[in-house]
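Notes to accompany the following structure.
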Amino acid sequence: MQGEAAPDRRLFEITGKDREHFLQGLVSNDVRRLEDGIVYAALLSPQGKYLADFFLVPAGEAILLDVHESLAEGLVRRLSMYRLRAEIAIAASALRVSRGVGPAPQGAFADPRHPALGWRRYAADPGGAPTIGWDRIRVEHCIPETGVELIPDESYILEAGFERLNGVDFRKGCYVGQEVTARMKHKTELRKGLVTVLVEGAAPVGAEILADGKPAGRLFTQWGGKGIAYLRLDRAAGGMRAGAARVSLP
C-alpha cells in the first residue's frame, strides 16, 4: 500500500553526534522514545506558548523532522538559533511523506497521536492522490491541526490536548517552555480547551462563539454536524452560537 501524498509537509534531516541531546533540551516530548519509533512533539516559546508541532522520526544516523510547510522555515531558523556549539546539522531531506489508514506498508510508523490517524511513511516515492477525509477523523477525535486549531504564539499545548495526543512528557526534564506547561498541569485546573461540539448550520473557521451574548470561544474545523471548538469551559452551556450556527456540547 503506497498511501497518499502529504504535499503540505516538509522534511528535514538532523545529523551530528549531539542531535538527540540538542532536541531533548528544546522539545516537549522525550526524544529517547525514538528508540521505539516516531515521536510527536512541539517547540514552545519561553512563555510556554505553542510555536510549532512536528514529528521526529528515527532514521539511522539521523533524525527526520516532519513539519507543516507553513512553519518549516521558521522552525528551522529557531532551531539553528538554539544550536550554539552543539554538533548538529539541519538539511532538507530528499524523502517524501505519505500517510494512510488501514494496513501499514513495510517501514511505516503508526501515527502516535491516535490510532484513527493511521500511519506515516518516509520514502523516495511521493505517494498517491489524497483521498482520505482527515478533517472527519480529526473532528471525531478532537485532534488539532497546525495553523487551524494550533495557532503559533497563541495556543497552549495542554489546552490543545497534547497530553492525550502523546505530545508532551512530564518526566523528561527541562525544555523551553517547560515551567509554564508543568504549572498548568500540576497547579491549575484547565478552564479553556479544545472540545468536540455539535454544530447546526455552518460558520467560518475561527468564528467567535457567544454564549448568552458573552464570548465563549471559537469554532474551527467542522464536519458532518460536528466541529472542534476552543471553549471557555465555564461558559460552555446552552445557547451557544457561532454566527448563524448553533453550537452545543454532545
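Side notes on the structure shown:
- Here the gap between ALA116 and LEU249, fully extended at 0.36 nm per residue and compared with their Cα-Cα distance, gives a gain of 45.7 nm.
- Taking Lys and Arg as +1 and Asp and Glu as -1, the other residues whose beta-carbon sits under 15 Å from that of LEU23 total -3.
- Relative contact order of the chain, pairs being alpha-carbon contacts under 8 Å that are 6 or more residues apart, as %: 20 percent
- Mean residue ellipticity (222 nm) of the chain, computed from DSSP H runs ≥ 4 via -39,500 (n - 2.57), nearest 500: -4500 deg cm²/dmol
- Net charge contributed by nearby residues that have their C-beta within less than 15 Å of PRO103 (K/R +1, D/E -1): +1
- Region 181-203 and region 49-118 have their alpha-carbon centroids 26 Å apart.
- Of the peptides 56-65, 129-138, the order by per-residue mean of other Cβ atoms within 10 Å, starting with the highest, comes out as 56-65, 129-138.
- Taking the Cα centre of the chain as origin and assigning +1 to Lys and Arg Cβ atoms and -1 to Asp and Glu Cβ atoms, the resulting dipole is close to 500 debye.
Computed from the coordinates by the stated procedures, all read-outs in this text should not be read as laboratory data. Because the structure is predicted, anything quoted here is derived from the model rather than measured. Note that each Cβ is placed from the backbone with ideal geometry, even for glycine, and that neighbours are counted across all protein chains shown.
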